[in-house]
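K.L.:
The structure's right below; bear with me while I get my questions together.
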Protein chains: 2
Amino acid sequence: MSSAVSLRHPPPGRNAPESHRTLGWLLRLPYAVLAERVYGGLAARGFPDIRPAHGSLFRHIRPEGSRLTELAEQAQMTKQSMAYLVQSLSEGGYVETVPDPEDGRARLVRLTPRGRQVLETLLALSAEAEAALAARLGARKMARLRGLLEELAERLEAER
Amino acid sequence: MSSAVSLRHPPPGRNAPESHRTLGWLLRLPYAVLAERVYGGLAARGFPDIRPAHGSLFRHIRPEGSRLTELAEQAQMTKQSMAYLVQSLSEGGYVETVPDPEDGRARLVRLTPRGRQVLETLLALSAEAEAALAARLGARKMARLRGLLEELAERLEAER
DNA sequence: TATTTTAGTCAGTCCATATGACGAAAAGGG
DNA sequence: CCCTTTTCGTCATATGGACTGACTAAAATA
């Protein structure tokens, strides 16, 4: 289960020369560690079919349900790609789709109880993994790091 | 070229709730922005066939050349996967493989002049992209962010 | 009412990973 | 020197996760 985590972008390896320590690499390395822990942890807790790609649904879906198109836009992917994710989650019993009463073309994607369980577990594991990193870096520095990343994220989101 | 980071307007639904701003998400967002700039820039400068996956080769290859197995290990992927990357780069004239004089089974993968040009451009674009982010966050904060990420990377590398 | 836009599906493609099985060369122990 | 084991790389194949293009049906609009 160790390497059950496949990323869209290549996982960082070791020994990158100093000159090659781009910011991108510096961001990706801890991300890979987190993803490994979180999705490995999910597998260990009985959700082996939840993969990193599904995160983009869990991150955005609203409690009342979200439309496919809405989810796709928020995750910044095509609706076809999101439909693929929804289908696999649907087959696993994590989401269900119901007709949207407000629009005959649309369907609402909603978390099932099992799906909500995944979401909770996902958040808990993320917090755990973050704490594990904080143990290496020190709580104070981790707090600073998070704060800076949040600030950067806000700026970047504001531009979209 | 994937528009991983599109310029479209925010969708009707709100962004990820506060509670979903995991560290992983905070790391991935700026990474996506960097990757977009860097690989988009490479395409614009005449290297349209260099994709993010190839980064894991460029980051680790030694000037004298590296063996496939070595590259695979450093990039933490299978040798088959690395062979796939090497082949595509080889077809584009970015690397060449020569027999390893020390080992009849092995072949050395080496950058061609064109490959070295890509490496240089890659590093230059990364620096540019980092500077662009620094423009949003402020140079001082970006320096702190980088410093913290470097420290974290060191700790994480030491464990592997 | 007629036209255009929007929500979602179907079909096909490509890329980047993974496994497993394999031949050939090297290394090492008798 | 052989014999066995390990290592280097390849072939074949599968899968996940993204894409584009063409389409239907429903809604919104002119």
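The values are calculated or read from the model by the stated rules, or taken from the named source; none is laboratory data. The model shown is predicted, which means the values in this text are computed figures rather than measured ones. Positions of Cβ are backbone-derived with ideal geometry, glycine not excepted, and every protein chain shown enters the neighbour counts. The protein model used for the area step is the full one, side chains on, heavy atoms only, and it has no ligands, DNA or RNA in it. Shrake-Rupley method; radii C 1.70, N 1.55, O 1.52, S 1.80 Å.
K.L.:
(1) more than 16 Å from DNA strand D (Cβ to nearest atom); (2) closer than 21 Å to A:Tyr39 by Cα; (3) touching a residue at least 24 places away in the same chain (Cβ under 8 Å); (4) surrounded by fewer than 18 Cβ atoms within 10 Å (Cβ to Cβ): which one isn't true of A:Ser126, the others all being true?
P.N.:
(4)
K.L.:
Please determine whether any residue of the range A:66-77 is near DNA strand C (Cβ under 10 Å from one of its atoms), within 10 Å of another protein chain (Cβ to nearest Cβ), at pLDDT 95 or above and not in a helix (DSSP H, G or I).
P.N.:
Yes, because at least one residue in the range A:66-77 is near DNA strand C (Cβ under 10 Å from one of its atoms), within 10 Å of another protein chain (Cβ to nearest Cβ), at pLDDT 95 or above and not in a helix (DSSP H, G or I).
K.L.:
Given the criteria surrounded by 13 or more Cβ atoms within 10 Å (Cβ to Cβ) and closer than 30 Å to A:Asp49 by Cβ, does A:Gly115 qualify?
P.N.:
Here the answer is yes, as A:Gly115 does meet what is asked.
K.L.:
I'd like the full set of residues that are modelled with pLDDT of 95 or more and of a type in the set (S, T, N, Q), limited to the range B:2-54.
P.N.:
Correct list: B:Thr22 only.
K.L.:
Looking at (1) of a type outside the set (Gly, Ala, Ser); (2) within 20 Å of the chain's Cα centre (by Cα); (3) open to solvent by less than 50 Å² (accessible area, probe 1.4 Å), which one does A:Leu137 not meet, given that it meets all the others?
P.N.:
Every listed condition holds for A:Leu137 apart from (2).
K.L.:
Spot the failing condition for A:Ala131; the list is (1) farther than 30 Å from A:Ala44 by Cβ; (2) within 12 Å of another protein chain (Cβ to nearest Cβ); (3) open to solvent by 30 Å² or more (accessible area, probe 1.4 Å), and only one is missed.
P.N.:
It fails just one condition, (1).
K.L.:
Next question. Which residue is nearest to DNA strand D (Cβ to nearest atom), if the candidates are limited to the range A:32-51 and must be more than 9 Å from chain B (Cβ to nearest Cβ) and outside any loop (DSSP other than H, G, I, E, B)?
P.N.:
Only one residue fits best here, namely A:Tyr39.
K.L.:
Still on this structure, I have one more. Would you mind stating whether B:Pro63 is touching a strand residue (DSSP E or B) at 6+ places or on another chain (Cβ under 8 Å), more than 12 Å from DNA strand D (Cβ to nearest atom) and open to solvent by 10 Å² or more (accessible area, probe 1.4 Å)?
P.N.:
Considered against the rule, which asks whether it is touching a strand residue (DSSP E or B) at 6+ places or on another chain (Cβ under 8 Å), more than 12 Å from DNA strand D (Cβ to nearest atom) and open to solvent by 10 Å² or more (accessible area, probe 1.4 Å), B:Pro63 comes out as yes.
K.L.:
Could you tell me how many of the residues in the range A:78-96 are surrounded by fewer than 16 Cβ atoms within 10 Å (Cβ to Cβ) and assigned to a loop (DSSP other than H, G, I, E, B)?
P.N.:
Residues that pass the stated criteria total 2.
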